[in-house]
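The values are calculated or read from the model by the stated rules, or taken from the named source; none is laboratory data. Note that this is a predicted model, so its numbers are computed, not measured. Note: ideal-geometry Cβ built from the backbone for every residue, glycine included; neighbour counts use all protein chains shown.
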Amino acid sequence: MQARLLQREVLPLVAGLAGLALVALAIDAVLHALDAVWIGRYLGIPGTLLIIGSTAYSLRKRRLIVRGQPAQLLRLHEALAWTGSLFVLVHAGVHFNSVLGWLAVVAMLINVGSGLTGKLLIDRSRRRLDEARRRMSASGLDEAEQNERLYWDSLTFDIVRQWRVVHFPITLAFTVLALAHIVAVFLFWGWA
């Protein structure tokens, strides 16, 4: 049971974050080996655009846009946010010349961790609720009795689905720090 819990619940979160870090380090190493570190400097731009594009899912959930299927937009959100974060990490590299930029990167990583954690918590809660319903159906309980017995579990699932209440302020902090970094770049970067 412990091994299954570790495999199903913990490893996907660790793999998502470790994969992001390892791929970013590998790309950064290749850029250094090819003496093309300058490319990383500009990967922040497409990375930021991908992260902005990933917000289509949130806009659809809040009915600010009406196009797109929520399930497809969620998968697109995850892919764009992960890829955009990867580009931003390569952009950040191991260069410590911008405190504001690094604060934005830390906020971004916390945001990615929050998103992965929320996804895994919701998936786990949904699976447990569905499994309990199957067991009760197999034992012959009718739907009304199942709903009665699963009331607290259903209520807990609804609360877990509200994890966005935590995710949103983290996203907002990342957005503010990223915008401040971008403004600072435009103000202080030697464009000539």
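Which one is surrounded by the most Cβ atoms within 10 Å (Cβ to Cβ) among residues in segment 124-146 that are among the acidic types (Asp, Glu) and over 20 Å from Val160 (Cβ atoms)?
Glu145
Quick one: which of Gly113, Gly140 is part of a loop (DSSP other than H, G, I, E, B) and either hydrophobic (A, V, I, L, M, F, W, C) or outside the structural domain of Asp28 (by TED's automatic domain parsing) (or both)?
Checking each option against the conditions leaves just Gly140.
How many residues does segment 23-65 contain that are of a type in the set (A, V, I, L, M), farther than 16 Å from Gly101 by Cβ and assigned to a loop (DSSP other than H, G, I, E, B)?
The qualifying residues number 4.
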